[in-house]
Amino acid sequence: MGTLFIFVGLLYLCGLSFSQECRKDLLENINFLGTEIKVLRSPDAVHCQHLCTQHHRCLFFAFVRPDSTIDNRYFYCFLKSTPSGQPKARPSKQGITSGFSLKPCYPDPKPCLPQVYQNVDFLGADYRSLFTSDYEECQRACTQDPGCQFFTFVNGVFTPERIRYKCHLKFSWTIPRIPTIERKAGVVSGFSHEAEIIQSFDTVCQGKLFPRTDTKGNNIETLPAASPEHCQTLCSAHPLCTYFSYTSNDYKCYLKNNPNEMVTISKEGVTSGLPARFCQQVNSWVKDVHEGTGFTGSDIRYELVDDRDMCQRECTEDSNCQFYDYVTESFFDRNYWRRCYLKRVITIPAPPKVTKLSNVVSGFSLKNCYGIV
């Protein structure tokens, strides 16, 4: 029986590989029509293509260039899909660049993004600013700062004069964030053992946790997390997080910012802690298995396997998989038994908003650009 499940899974994978081909070309002034599954902001079609590649459902995309004269939705990246995997139609449309996901091309999960964008503002996501002599120095500052993923630099002729030469360092999540975590009987969840959850440092450190302790107020973001250690990793990645609290009953991770004080109270079911900075945080929690827990959504595909250990191995061996769900035989609907759902989310730097603005320059960190830095 086990051999049969593996065989069916392999047939499914082969079907995917035969139905898709690696298409890297970008088609200018062509609009790919299909079901829009998500709309994001992006500075160019290449970045938009990376967003599509990392989205679990996106098969192709359409990007609205800044020279579009159709409407004012410049820098919009429309992620799309169809049951056939091909656009429903490809009409001509000035100012639109379209293309396909690079999923079949075995893409780099951490692509280099060296392009800089004149007169383009990556609006929002600021966590720090400083003055630099030019945008190259601003980009170097972003590259050297662990929390910086992209930047906007204000040049020497910008108005008002008082913020000329200002370099804005900006943050976005580059570690996987699970969209939803919920209690689900008969489901086991976990992470890929190869997922790049945390940054790499030479010095190893053990994070500080305070069991049965809550910290009052100062929330900056609330995220789903599978454990206190997972929450600590999220706090460590965010440059504004000074400490955190995690509630185990609802899997919520509260990232907090108050560099002046930390007020704690005793509270059952809550674990608080401090982030790990500039060191290699112990990540043994990635290998934990979460019984009766579902990491809902973001499915790449599912396979039929014999047990949770095999599901974990499938996720670890698939470079696209970041976390997984496995449905056991105690699940109420036997039609789902032994399904292993492989999952992923977008982790490349993504500005929350991209707009036209004269006399500024924006770009990305060069952390992933080996040989350029």
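So here's what we get for this one:
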{"item": "Count - residues of the range 100-151 that are assigned to a loop (DSSP other than H, G, I, E, B), in contact with a helix residue (DSSP H, G or I) (Cβ under 6 Å, 6 or more places away or on another chain) and more than 22 Å from Ala195 (Cα to Cα)", "result": "1"}
{"item": "Matching residues, the range 39-80, being touching a Cys at 6+ places or on another chain (Cβ under 6 Å) and outside any loop (DSSP other than H, G, I, E, B)", "result": "Leu40, Cys48, Leu51, Cys52, Phe61, Phe63, Cys77, Leu79"}
{"item": "Selection from the range 348-373 of residues that are surrounded by fewer than 20 Cβ atoms within 10 Å (Cβ to Cβ), of a type in the set (S, T, N, Q) and out of contact with any Lys or Arg (no Cβ under 6 Å at 6 or more places or on another chain)", "result": "Thr355, Ser358, Asn359"}
{"item": "Residue match in the range 163-174 (condition: part of a loop (DSSP other than H, G, I, E, B), of a type in the set (S, T, N, Q) and modelled with pLDDT under 95)", "result": "yes"}
{"item": "The range 77-96 residues that are among the polar types (S, T, N, Q), paired with ones that are part of a strand (DSSP E or B) and modelled with pLDDT of 95 or more (beta carbon under 8 Å, 6 or more apart)", "result": "Ser81/Thr35; Ser81/Ile37; Ser81/Phe60; Thr82/Thr35; Gln86/Phe60; Ser92/Asn29; Ser92/Ile30; Gln94/Asn29"}
{"item": "Test: residue in the range 25-43 that is modelled with pLDDT of 95 or more, within 24 Å of Asp121 (Cα to Cα) and β-branched (Val, Ile, Thr)", "result": "yes"}
{"item": "Hits in the range 331-356 (condition: of a type in the set (Ser, Thr, Tyr) and either farther than 30 Å from Tyr127 by Cα or in a loop (DSSP other than H, G, I, E, B) (or both))", "result": "Tyr336, Tyr341, Thr347"}
{"item": "Residue tally, condition surrounded by fewer than 24 Cβ atoms within 10 Å (Cβ to Cβ), closer than 16 Å to Ala125 by Cα and among the basic types (Lys, Arg), over the range 148-192", "result": "1"}
{"item": "Residue check, Asp318 at pLDDT 95 or above and on the phi < 0 side of the Ramachandran plot", "result": "no"}
{"item": "Qualifying residue in the range 87-97 (condition: of a type in the set (S, T, N, Q) and under 22 Å from the mean Cα position of the chain (by Cα))", "result": "no"}
{"item": "Index of the failed condition, Phe278 passing every other in (1) in a strand (DSSP E or B); (2) surrounded by fewer than 15 Cβ atoms within 10 Å (Cβ to Cβ)", "result": "(1)"}
{"item": "Residue under evaluation Phe201, criteria (1) farther than 24 Å from Asn257 by Cβ; (2) surrounded by fewer than 18 Cβ atoms within 10 Å (Cβ to Cβ); (3) at pLDDT below 95, criterion not met", "result": "(1)"}
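Yes/no matrix, rows are residues, columns are (1) surrounded by fewer than 21 Cβ atoms within 10 Å (Cβ to Cβ); (2) outside the structural domain of Cys148 (by TED's automatic domain parsing); (3) not in a loop (DSSP other than H, G, I, E, B):
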residue	(1), (2), (3)
Gly273	no, yes, yes
Phe295	no, yes, yes
Ile300	yes, yes, yes
Met310	yes, yes, yes
Thr316	yes, yes, yes
Asn320	yes, yes, no
Tyr324	no, yes, yes
Glu329	yes, yes, no
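The values are calculated or read from the model by the stated rules, or taken from the named source; none is laboratory data. Small disclaimer: the values here were computed from a predicted structure and weren't measured. Cβ sites come from the backbone with ideal geometry, for glycine too, and all protein chains shown count toward neighbours.
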